[in-house]
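J.: Sharing a structure below in structure tokens format, with a few things to ask.
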Amino acid sequence: MGIKSRGFKAARNSVLAGAAVLGMVVGASGAATAEVNDQNRIVSDGLEVVVTQEDTFIQGVPALGGSPFNREFFHNGRGTVNLLGEGAADEAGTTMQFGYQFAWAGSIDGAIGVTYSTPQLELSLKQSGPEAKVTDILPQAYAELELTPAPGIEELVVAEGEFDGDFKTVQFSNVHGTASGVLGAVQVRPFVRAITANGDNVTTYGQAWTV
């Protein structure tokens, strides 16, 4: 899945620094004990499109530097898109998006965002058996959401990518976000979205986590 970024801005030193790694998971199913946190589905051109969030955990931690106006969190979990029905394996051009809704009580020149890298997992078949190689570890991008002084709720698409076929799953491993200039707590709600080639879309919104 070639993941690209939306909403990039130059990082401001006084605003936010974050890091995240989106690890590709190649397979037909998640762990047998995976906890389904949210699932939604639609029917598009005769195919059922199912979007799932599993094993979601967002942990707020004390922000580095100790400022009372900063917030920091880590996010782990998994997002999956399944297309079900006759001809689903031949589908092309489905877009998968990952991001957050953020809510805040007030801010002073504040912002929330994520910096992340996008490793790719390449599989090849050789006489000795399957061989996996991870590439593109270093390239990174930055997505930022500037906050209004008044209370607000905004959505930030952190990453998106297009895939062909009937299945795609992405593991979110220690996605790290840091906000600054916020007054009070920040609420974080993760989402995963699928947009079919004809423009139909379905989104799962997880529970809101307070950091």
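Only the coordinates and a few stated rules stand behind these numbers; no lab work does. These numbers were taken from a predicted model, which means no experiment stands behind them. Here the Cβ positions follow ideal geometry from the backbone for every residue, glycine too, while neighbour counts run over all protein chains shown.
J.: Under a Cβ-Cβ cut-off of 12 Å, what is the net charge of the residues other than Val192 that fall near it, where Lys and Arg count +1 and Asp and Glu count -1? It would help to have the intermediate numbers written out before the result.
T.: Values: positive: Arg78, Lys168, Arg189, Arg193; negative: Asp38, Glu54, Glu160.
So the surrounding residues net to +1.
J.: Please work out the FRET efficiency for the pair Glu86 and Ala197, using the Cβ-Cβ distance as r and a Förster radius of 22 Å; give the result to the nearest 0.05.
T.: For Glu86 and Ala197, the calculated efficiency is 0.85.
J.: Below 14 angstrom from the Cβ of Gly165, what's the summed charge of the other residues (Lys, Arg +1; Asp, Glu -1)?
T.: Summing Lys/Arg as +1 and Asp/Glu as -1 gives -4.
J.: Shifting gears a bit: Pulled fully out, how much extra length does the chain show between Asp55 and Arg41, if you take 0.36 nm times their separation in residues and subtract their Cα-Cα distance?
T.: 3.2 nm
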